[in-house]
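Some notes on the structure that comes next.
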Amino acid sequence: MLRFTVCGVAGMPHFLLPLATDGVSMAIDPYSPCPGGTGKKVKFCCPDLLNELEKVQKMVAADQRHACLDYIEQLEARYPNRSCLLTTKALLQGQLGDVDAARQTVDKVLETQPENPVALAEHALLAIDKQGAHAAIAPLQRAIAASQQQMDYKVFEVIGVLAQSLLAEGYLAAALAHAGLQMRINPQDEMALRMMVELASSRSVPLFFKDIPAPFDEGPVDDALKDEFAAALDLARHFRWLDAAQAFGRLVERAPKAAPAWRNLGMLRAYVADDEGAAQALHRYAALDVPLDDAVEAEALAQLFDPAAGEQVDLLFVDIPIKDFEQLQARLSADRRADALSSREFHWDEPDQPPPRASFWLLDRPMPASGADLANADVPESLAQIYLFGRETDREARIEMSAYRDQSDSAKALLAEIAGDAVGPPASEEVISSTPLVQRALSWNWRLPPDMPLDRVREFTLQRQRQALLEKWPKTPNPALDGKTPEQAAADPALKVKTLAAIQVLEFTASVEGIDFNELRTRVGLAASSEIDPTG
């Protein structure tokens, strides 16, 4: 097994600092590994550059990047194709914003040293900047594989940058895996620690993900698969997730019922931001002969990863011309099915565009005069939000309406009824975002009278949550259940695991109070989950 060492402690990586990045300049030790990632000691790689490398280090520490870049280019004429110069040159070019030049410099190193970990890490960093986090996975994985007994600080640093980028792009499992890798390498790293703590404490992060990175399944497997399985597992334990995923992928092709291999494949694909591939592998694992709890947990993860299980409802932007602005505003203000936005609700974030002259919610029923004695079923819900813009230099007066596709026809019809001939027919329509179908079934957008007592609001909220979970959700077609409703799927033995998993996803992701999810299980016809004995 690959073992890293720091200060002589087995199991941790040794960091090589090619440049002093904290403003402190130190003499370069001739017996230190080459900062250019050659894998050799400086004494045996570039002894003729010791003084020059110290000068480069001092200039970088003093943040003299332009001067340092000029100096390196002068040195290149005397010392061509030296990776210790080229990798620092690429770093400086990237910091100064010349990404294309930095990429060319890195490529020059990789032409002769294709497994140079420092150059590969810089390649990954440039890929994040130009193509996004996903494009950085492969070169960083190669850099980790090429690090052997010691890891250059540049490789370690890029692991953290990639973790942040993966999180920003929505690859939550991969982000957690990379942050967790940094924590295993250096538990004192502040950025990795902060990221892990924030994600672990966030209520928006599903509980399933808070165990990532998770231990790999060690088997057992058939004797005929033991060597191949052990080799793939060894790659995974060495953080060579991409190579390990490919190895487990080859294994399950030959042994499609090897459950541990499918589970490992699913987790490894998640770690390298292949969420769709992770879902496919975990679906397969859950369908095999494994304990029910393991199958449900794997299927729940698969549903969270699976884009096909997240059918979306589009949020539409509709442009409607205004023929008579004053008449339209008067009609909307007089109709209790149009509720004006209050000043605290209205926020305008378009500095290059004048704000609307008025804005309203379109409601499915008239706003009650008072909420004191209002029943929950009589609370109006919003169908759409509309902004009224007056005539501008280059545009006619118009309404900009946002509404979900499943309510847009009702919203257009209501607006036409209220506005009459003060507006024209819709001029254009475009999709501006989307929301998962199941999430739509569990949400509502009501408009409460301003005098509604707070205790009634809380009471109504709990009632709506119960109604959404226990009445609406069981009757809503769910893509994760092959398009069936949970009530229909629960009656199908082939969909039992998927239905239990869908409920578990709700239990761990829905922000609700006072709901017993065993009540939901029994409502759809499934057995209640038993309590866990903590002593066991």
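The values are calculated or read from the model by the stated rules, or taken from the named source; none is laboratory data. Not measured: the values here are computed from a predicted model. FYI the Cβ positions are ideal-geometry reconstructions off the backbone, even for glycines, and counts take in every protein chain you see. These accessible areas exclude ligands, DNA and RNA; they are computed on the full protein's heavy atoms, side chains included. Shrake-Rupley method; radii C 1.70, N 1.55, O 1.52, S 1.80 Å.
Here are some notes:
- Selection of first residues in the range 105-134 that are under 25 Å from Tyr171 (Cβ atoms) and of second residues that are of a type in the set (Asp, Glu) and in a loop (DSSP other than H, G, I, E, B), restricted to Cβ pairs under 7 Å at least 6 apart or on distinct chains, gives the following pairs, ordered by first then second residue: Gly132/Glu169; Ala133/Glu169.
Residue-by-condition table, conditions (1) within 21 Å of Asp275 (Cα to Cα); (2) outside any helix (DSSP H, G or I); (3) of a type in the set (Val, Ile, Thr); (4) in contact with a Ser or Thr (Cβ under 9 Å, 6 or more places away or on another chain):
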| position | (1), (2), (3), (4) |
| --- | --- |
| Gly160 | yes, no, no, no |
| Gly170 | yes, yes, no, no |
| Ala179 | yes, no, no, no |
| Glu198 | no, no, no, no |
| Arg203 | no, yes, no, yes |
| Phe209 | yes, no, no, no |
| Glu218 | no, yes, no, no |
| Asp227 | no, no, no, no |
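- Against the test of being outside any strand (DSSP E or B) and within 25 Å of Gln463 (Cα to Cα), the options Pro366, Pro354 yield a single qualifying residue, Pro366.
- Test result for Val155, open to solvent by 30 Å² or more (accessible area, probe 1.4 Å), closer than 30 Å to Leu301 by Cα, at pLDDT 85 or above and among the aliphatic types (A, V, I, L, M): no
- Considering residues of the range 64-75 that are exposed (fewer than 15 other Cβ atoms within 10 Å of the Cβ) and touching a residue at least 12 places away in the same chain (Cβ under 8 Å) only, the residue nearest to Glu111 (Cα to Cα): Glu73
- Residue among Ala255, Ala224, Ala231 that is modelled with pLDDT of 85 or more, closer than 24 Å to Arg284 by Cβ and open to solvent by less than 20 Å² (accessible area, probe 1.4 Å): Ala255
- Hits in the range 417-449 (condition: touching a residue at least 40 places away in the same chain (Cβ under 8 Å) and in a loop (DSSP other than H, G, I, E, B)): Gly424, Pro425, Pro426, Ala427, Leu442, Trp444, Asn445, Arg447, Leu448, Pro449
- Residue among Ile212, Ile185 that is in contact (Cβ under 8 Å) with a residue 24 or more places away in the chain, of a type in the set (Val, Ile, Thr) and farther than 20 Å from Asp152 by Cβ: Ile212
- Hits in the range 258-272 (condition: among the aliphatic types (A, V, I, L, M) and either surrounded by fewer than 24 Cβ atoms within 10 Å (Cβ to Cβ) or under 19 Å from Leu225 (Cβ atoms) (or both)): Ala258, Ala259, Ala261, Leu265, Met267, Leu268
- If you check Leu181, Leu110 for being under 30 Å from Pro80 (Cα atoms) and either of a type in the set (A, V, I, L, M, F, W, C) or buried (at least 20 other Cβ atoms within 10 Å of the Cβ) (or both), only one passes: Leu110.
- The set of residues in the range 342-376 being among the hydrophobic types (A, V, I, L, M, F, W, C), out of contact with any helix residue (DSSP H, G or I) (no Cβ under 7 Å at 6 or more places or on another chain) and either open to solvent by 20 Å² or more (accessible area, probe 1.4 Å) or farther than 16 Å from Ala416 by Cα (or both) consists of Phe346, Trp348, Trp361, Met367, Ala369, Ala372, Leu374, Ala375.
- Within the option set Val379, Val313, being buried (at least 19 other Cβ atoms within 10 Å of the Cβ) and either within 30 Å of Arg521 (Cα to Cα) or within 34 Å of the chain's Cα centre (by Cα) (or both) holds for one residue only, Val379.
- Meets criteria (of a type in the set (A, V, I, L, M, F, W, C) and at pLDDT 80 or above) for Cys68: yes
- The range 227-244 residues that are in contact (Cβ under 8 Å) with a residue 60 or more places away in the chain and at negative phi, paired with ones that are open to solvent by less than 20 Å² (accessible area, probe 1.4 Å) and of a type in the set (Ser, Thr, Tyr) (beta carbon under 8 Å, 6 or more apart): Trp241/Tyr271
- Residue check, Ala247 open to solvent by less than 20 Å² (accessible area, probe 1.4 Å), in contact with a helix residue (DSSP H, G or I) (Cβ under 7 Å, 6 or more places away or on another chain) and farther than 25 Å from Ala502 by Cβ: yes
- Selected residue [free of Cβ contacts under 8 Å to residues at least 24 places away in the same chain and at negative phi] from Thr476, Thr461: Thr461
- Some residue of the range 106-120 being β-branched (Val, Ile, Thr), assigned to a helix (DSSP H, G or I) and either more than 30 Å from Leu167 (Cβ to Cβ) or touching a strand residue (DSSP E or B) at 6+ places or on another chain (Cβ under 6 Å) (or both): yes
- Taken over the range 414-461, the residue count meeting the criterion of being open to solvent by 60 Å² or more (accessible area, probe 1.4 Å) and of a type outside the set (S, T, N, Q) is 16.
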